[in-house]
Structure formats: C-alpha cells, structure tokens
Amino acid sequence: MTGALPEAKALFEKGLGITRKLAQANPTSAMAKHDLSVSLAKLGSVAEQVGALPEAKALFEEGLGIRRKLAQANPTSAEAQRSLSANLNQLGSVAEQAGALSEAKALFEEGVGITRKLAQANLTSATAQRDLSISLNKLGEVEMRAGALPEAKTWFEEGLGIRRKLAQANPTSAEGQRDLSVSLNKLGEVAMQTGDYKDAKARFKECLDIARKLAQSNPTSARVQFDLVVCEERLGEVAAQMGDLKDAKARFEVSLGIVRKLAQANPTSARVQFDLFDSLFRAGRSTRDRKLLREALDIIRELERTGRLAPSGRPFLQHLPKFIESLP
C-alpha cells in the first residue's frame, strides 16, 4: 500500500464518510460503531505512514473512544477487548514517534494488560498468544527508547518465549517465523546497547538466517526485504564495534542496496524514506563514511522541508552536521 498512499487515503476517506453516516443513522448499533472505528484506524494508518502524526493521532483517538465504549458495553467480548488493545497500540506508536514516551508507555501497558488477560483465558489460541507478544514488544521498544534496558529486555524475552513456541508449533508459518526474527532483533539491540556484542551477534545471526529463508519464499514482499535490511545492518554495526570493518562494509553494502530499491518504489512514504535515512546513517556512522552521512542528511532535510519528519527525527538535523564535521 505504501506505493499508492494518496489513492489509499482517498478510498479510506470515502469509506469513513459512509461508515460515519451509518453510525449516525444507527446510534444504538454496535456493528455500525465498530465499522466506523475500523475506517478511522485505516485512515489513521495512512496518515501515520505519510508522517502526518497529528492527523493520525486525532483519528486513532476518535476510534479509541468508540472502542472503549464498545468494550465497556461488552466486557466479556474477546473481539471488543482485542479491538481496544489494537487501537491502544496504534495510538501508542504515534505517541512514541512524537517523542511522548510516557504517554506511549501508558498506552502500551494498558494494551499488555488486555492482551495478557485474553491470552490467559485462551491458552490454546495462537492469535491470543501472538497478540500478547506484539503488545510486549511494543512496551519493550518504548522502554528501550527511554533507556530502561533491563525492563526492555524483560518484555522482549517474554515475547520471544511466546514466539518460539508459536514458531515451533507451526514451522511453516511465515508470520510465525517473521515474528520470531523481530523478537531476536530486539534482544540483539538491547545486547548492543549494553556492550554484549557476542550475544548481539548471535541474536542477529539467527534473525538473519530466518529473514533469508523468508526472502527466498517471498521475493516480492517489501516487508520481508526490509527485515533483511535490519538484520544485515545490525550485524554490520556489531562487526564495526568488534573491529571487523571489512565485514561491516560488506553487510552495509547489501542492506543499502535493498533499502534504496524500497525507497525508490515508495517515494511518498515518509516511513520508508526515513528507513533509508536510518540505513545511511547507521552505515556512515559505523564506517565513518562522510558521503553516506551527507546523503542521509539530505534525506532528513527534505522530510523536514515537506513537513513529513516525525519529532523523533528532528534532533538529527542539529547533531548530524556536527558529527560529519567532527570526522577526520
């Protein structure tokens, strides 16, 4: 969908207009209200992808209000509770991107509370268990960004345990394998930040092995290709930290080749363009390559100029030029 965001937005806006009218015409209909919340979530997701965070927040907040009422009216409905947790995660992600980490943490904690209850009530449900792992990962991510690494590791390890069991129970599930690779990557990042490069390398290597298999099975999937980028990048960063610049440069060359193609295919996606910036920055920082860092700076300046840069990316505008100047 990222390659056609304007078209998607137009379709979702039309859909929202219809579901809003139906909800207004049927104020006592839970189904009409649910449909309206779904339309709001879809349009909010598009706004988030193009970097329009205030618009995304407003849409998700309206949807959250609807889903809270539906969940309160149907406290025993697993579907209503699950929809509420999904909305909390969406709003939490927007808050995290906006730099409102405390707000994001509170939203994710509420989401974990809901998904944990659903998982405990449905021990044999793979969907309920996966939902809990997603909520745990999101809480771990915001803890990691806030510098609370022990707490982040705890959440990520719990999520990894769930995902290993799900992957073992369904070894042919691409979704299950990808979820496992994401959790491994998150724990690798925590290990990196604590200086445990041996553990980080092991986590990232397992992540890469999974991502390669998925990429072979799904060569046209942008999401799977980006997973390869992340794994290669992280191994490149570990190699650089361990003094193996030859391996680091080789891995960054692979990752940049992939992410450049993704960015070219999705020029209107602020998220994908920021991914390219992030890849260039990581490669340039690790290998002290001024050319890559200047290219990264050009991208983030263009995102800022067009109003598509999330608040969490703005510090780079100030710090990156200084970092480039400090290089020998």
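What the table below lists for this structure:
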| read-out | value |
| --- | --- |
| Angle in degrees between helix 245-265 and the longest Cα principal axis of the chain, rounded to the nearest 10 | 40 degrees |
| Distance cut-off 37 Å, percentage of C-alpha pairs in the chain lying past it | 18 percent |
| Residues of segment 107-142 with amide N under 16 Å of a point placed 7 Å along Cα→Cβ from E175 | 119, 124-135 |
| Gap separating the Cα centres of segment 18-65 and segment 293-321, nearest whole Å | 30 Å |
| Positive-end residue of P315, T28, A265, charge dipole of the chain with Cβ unit charges | A265 |
| Computed magnitude of the charge dipole of segment 198-328 (debye, nearest 20; Cβ of K, R +1, Cβ of D, E -1) | 80 debye |
| Farthest positive-ward along the chain dipole, Cα basis, beta-carbon charges - from L88, A167, A240 | A167 |
| Ascending count of other beta-carbon atoms within 10 Å, so fewest first, for D244, D131 | D244, D131 |
| Relative intensity, log₁₀ I(q)/I(0), of segment 158-266 from a Debye sum that treats every alpha carbon as a point, q = 0.09, 0.11, 0.18, 0.20 Å⁻¹ | -0.23, -0.34, -0.88, -1.03 |
| C-alpha center-to-center spacing [segment 162-213, segment 239-289] in angstrom | 20 Å |
| In Å, descending, principal axis extents of the Cα set of segment 198-328 | 39, 35, 22 |
| Charge-dipole axis of the chain as Lys and Arg at +1 and Asp and Glu at -1 on Cβ define it, positive-most pick from A98, L280, T19 | T19 |
| Straight-distance crosslink candidates among lysines, where the alpha carbon sits under 27 Å from K246 and sequence neighbours closer than 8 are dropped | K186, K198, K201, K205, K213, K261, K291, K322 |
| Stretch gain in nm, segment L22-K198, where the contour uses 0.36 nm per residue and the Cα spacing is subtracted | 57.7 nm |
| Dipole magnitude of segment 37-184, debye to nearest 20 (Cβ charges: Lys/Arg +1, Asp/Glu -1, about Cα centre) | 380 debye |
| Stretchable slack from E103 to A126, in nm (0.36 nm times residue separation minus alpha-carbon distance) | 5.4 nm |
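Throughout, read-outs are computed from the coordinates displayed, never taken from laboratory work. Bear in mind that the values here come from a model prediction, so they are computed numbers and not experimental data. Here the Cβ is made from the backbone with ideal geometry for all residues, glycine too, and neighbour counts use every protein chain on show.
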